[in-house]
1. Got at least one residue in the range 84-95 being part of a strand (DSSP E or B) and more than 18 Å from the chain's Cα centre (by Cα)?
2. Go through the range 41-60 and report how many residues are of a type in the set (Gly, Ala, Ser) and open to solvent by less than 40 Å² (accessible area, probe 1.4 Å).
3. If we keep just the residues of the range 137-180 that are part of a loop (DSSP other than H, G, I, E, B) and within 19 Å of ASN119 (Cβ to Cβ), which is modelled with the lowest pLDDT?
4. Which residue pairs have Cβ atoms closer than 8 Å, lie 6 or more positions apart in sequence or on different chains, and pair a first residue in the range 161-180 that is at positive phi with a second residue that is acidic (Asp, Glu) and open to solvent by 30 Å² or more (accessible area, probe 1.4 Å)?
5. For the range 170-180, which residues satisfy the criterion of being open to solvent by less than 60 Å² (accessible area, probe 1.4 Å) and over 26 Å from the mean Cα position of the chain (by Cα)?
6. Restricted to the range 61-99, and to residues that are open to solvent by 50 Å² or more (accessible area, probe 1.4 Å) and without any contact (Cβ under 8 Å) to a residue 12 or more places away in the chain, which residue is nearest to TYR19 (Cα to Cα)?
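The values are calculated or read from the model by the stated rules, or taken from the named source; none is laboratory data. These numbers come from a predicted model, not from an experiment. Cβ placement follows ideal geometry from the backbone for every residue including glycine, while neighbour counts extend to all protein chains displayed. With ligands, DNA and RNA removed, areas are computed over all heavy atoms of the protein, side chains included. Shrake-Rupley method; radii C 1.70, N 1.55, O 1.52, S 1.80 Å.
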Amino acid sequence: MANDHPTTPEENWKEIPGYPDYEVSDKGNVRSWKNLSPTTPGEKPRFIAQCISMHGYQKVRIFRNKISETVYIYKLVLLAFVGPCPPGMEACHNDGTRTNNSPSNLRWDTRKNNLNDRNRHGTNILGTRNGRAKLDDNKVKIIRELYRLGHSQLTIATLYEVSQVVISSVTLRKSWKHVL
């Protein structure tokens, strides 16, 4: 945590519900007044260092009830500027940019709408964008053609060194839906 952090006059701060002594700004900055009195002259809040998760989201480590938690910035912004997450909802980035945590870019919405957003933004990990994919678009097309020609799923699975369940999912278009 650093004591000095650039802020702008346009930066609006709100307390984070459920996280006493912490505030988040509409720019996605997080600061702590823990063990400081905001009314004492000369005392400044401590800014909390951020890092990027393996999925590209900004996060911080803060304390609640003396227990350290790692929390995504988007969640803190939504809590402070919008309110608690309604049942059955999750956080969504309107523009698909995982580091844009301004309140105007965030909303609580359904899982289905979040997945639709990911497809629209091109941020969904489909096909070969998934690092564990054993198939590619061309193989999927060939698999579907082999199946159409009457080859069994088990025979095709053996040929491509995947399970019959994978071939079933491909031929029924439950996976690789983006491949026509």
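1. Let us first name the residues in the range 84-95 that are part of a strand (DSSP E or B), namely 90-93.
Filter again for more than 18 Å from the chain's Cα centre (by Cα), leaving none.
No, because not a single residue in the range 84-95 is part of a strand (DSSP E or B) and more than 18 Å from the chain's Cα centre (by Cα).
2. The initial filter retains those residues of the range 41-60 that are of a type in the set (Gly, Ala, Ser), namely 42, 49, 53, 56.
Next cut, open to solvent by less than 40 Å² (accessible area, probe 1.4 Å) only: 53, 56.
Summing the residues that are of a type in the set (Gly, Ala, Ser) and open to solvent by less than 40 Å² (accessible area, probe 1.4 Å) in the range 41-60 gives 2.
3. If we filter the range 137-180 for residues that are part of a loop (DSSP other than H, G, I, E, B), which is where we start, we get 149-152, 161-163, 172-180.
This time we only want the ones that are within 19 Å of ASN119 (Cβ to Cβ), so: 173-180.
Working: ARG173: 91, LYS174: 89, SER175: 86, TRP176: 85, LYS177: 83, HIS178: 80, VAL179: 85, LEU180: 85.
Going through the qualifying residues, I end up with HIS178.
4. If the second residue must be acidic (Asp, Glu) and open to solvent by 30 Å² or more (accessible area, probe 1.4 Å), the pairs left are TRP176/ASP137.
5. Going through the range 170-180, the residues open to solvent by less than 60 Å² (accessible area, probe 1.4 Å) turn out to be 170-171, 175-176, 179.
Across the range 170-180, the qualifying residues are VAL170, THR171.
6. ASN65
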